């Protein structure tokens, strides 16, 4: 069982990510992990925090001589901004006069709900953990999941479908259009359509001028996934359910779509379901599809097509022109608190979603193929591929 969790606060000393269950012998490419962290920090519309942080993965355990050793992995990401918050958020009691209160909750953020839940007098501690800064830790361990999947021939990437009211015209962008986006060093909005990307940039500029924020839609594509991951046997083992939960768990994601799920709800079955053909030399088992409206999953099981899952991201809750709120102490009407924030994070959210999709697929792959070492896992995987070819 692949298990993982994260700890740390937005302005705390560090984020720490824990991952248990990876087989021994997996090559760990430090440069690749750091590149994934870098990708999460990019994108037009990011805020001042990204000018402070330069995320690097510091492996504390579970990796030696460049390989996993089968024991739990711990990764630390230093928060450089901690130097500016040491007196405001000390571990010890410190000086209460230096504490930076979040005096009025921001609509759309976890501030009020979290303060009520944990009986906090204000929302500082809520902000610290609910912040999307936490997703950096997920990207670090998600990079390890990607390295595992690569050993099985599976790749996971994302691209931007829409920013605000601007969206691409093409419903399905091909993998060979998505893959080059991940190698660019001048990341704008990670959109495969240059004309649409320019209009997205203008959309971000517009909300920046007005002190607002903007959301959008990203799509994660898992390429070369074999059929048979996940199962219909139990509700909580269905691959689509696991992926939907993983992507929905990301900060600001308010809806998830697999394949053409939203459009399918308004279409006849004949226009939705992917007709089946056969060609002996095709795919994993010879069975083919004319299209991929199912997004690579049928009945909770991967079917050999690309897995396509979209996340719908609400606009960032922190606005430079704040909305109406209430003061925690006086209960009087005030403007919501403002903290340094982004304007648009759709490309970054896509990278975080890649990590969550990769972790989910890696977990399902290890549940199916097992193995305490990479040699054993790959041997089991190759045996399954032979089974599919001879079906």
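The values are calculated or read from the model by the stated rules, or taken from the named source; none is laboratory data. A quick note: this is a predicted structure, and the numbers were derived from the prediction, not measured. Cβ sites come from the backbone with ideal geometry, for glycine too, and all protein chains shown count toward neighbours.
A few remarks follow.
- Residue match in the stretch 134-148 (condition: free of Cβ contacts under 8 Å to residues at least 60 places away in the same chain and farther than 30 Å from residue 330 by Cβ): no
- Restricting attention to the stretch 229-245, the residues being free of Cβ contacts under 8 Å to residues at least 12 places away in the same chain and either touching a strand residue (DSSP E or B) at 6+ places or on another chain (Cβ under 9 Å) or on the phi > 0 side of the Ramachandran plot (or both) number 1.
- Residue in the stretch 234-246 that is over 20 Å from the mean Cα position of the chain (by Cα), assigned to a loop (DSSP other than H, G, I, E, B), modelled with pLDDT of 95 or more and more than 30 Å from residue 106 (Cα to Cα) present: yes
- Scoring residue 113 on the criteria (1) under 23 Å from the mean Cα position of the chain (by Cα); (2) surrounded by fewer than 20 Cβ atoms within 10 Å (Cβ to Cβ); (3) closer than 23 Å to residue 214 by Cα leaves a single failure, condition (1).
- Hey, residue 317 more than 19 Å from residue 391 (Cβ to Cβ), assigned to a loop (DSSP other than H, G, I, E, B) and out of contact with any strand residue (DSSP E or B) (no Cβ under 8 Å at 6 or more places or on another chain) or not: yes
- Some residue of the stretch 356-368 being surrounded by 18 or more Cβ atoms within 10 Å (Cβ to Cβ) and over 29 Å from residue 310 (Cβ atoms): no
- Some residue of the stretch 319-332 being touching a residue at least 12 places away in the same chain (Cβ under 8 Å), under 25 Å from the mean Cα position of the chain (by Cα) and surrounded by fewer than 24 Cβ atoms within 10 Å (Cβ to Cβ): yes
- Selection within the stretch 149-194 - part of a helix (DSSP H, G or I), touching a residue at least 24 places away in the same chain (Cβ under 8 Å) and under 19 Å from the mean Cα position of the chain (by Cα): 149, 175, 178, 179, 181, 182
- Single match in 12, 8 (criterion: touching a residue at least 12 places away in the same chain (Cβ under 8 Å) and in contact with a strand residue (DSSP E or B) (Cβ under 6 Å, 6 or more places away or on another chain)): 8
Quick grid of which residues meet (1) assigned to a helix (DSSP H, G or I); (2) modelled with pLDDT of 95 or more; (3) under 13 Å from residue 361 (Cα atoms):
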residue: 208; (1), (2), (3): yes, no, no
residue: 230; (1), (2), (3): no, yes, yes
residue: 251; (1), (2), (3): no, yes, no
residue: 257; (1), (2), (3): no, yes, no
residue: 267; (1), (2), (3): no, yes, no
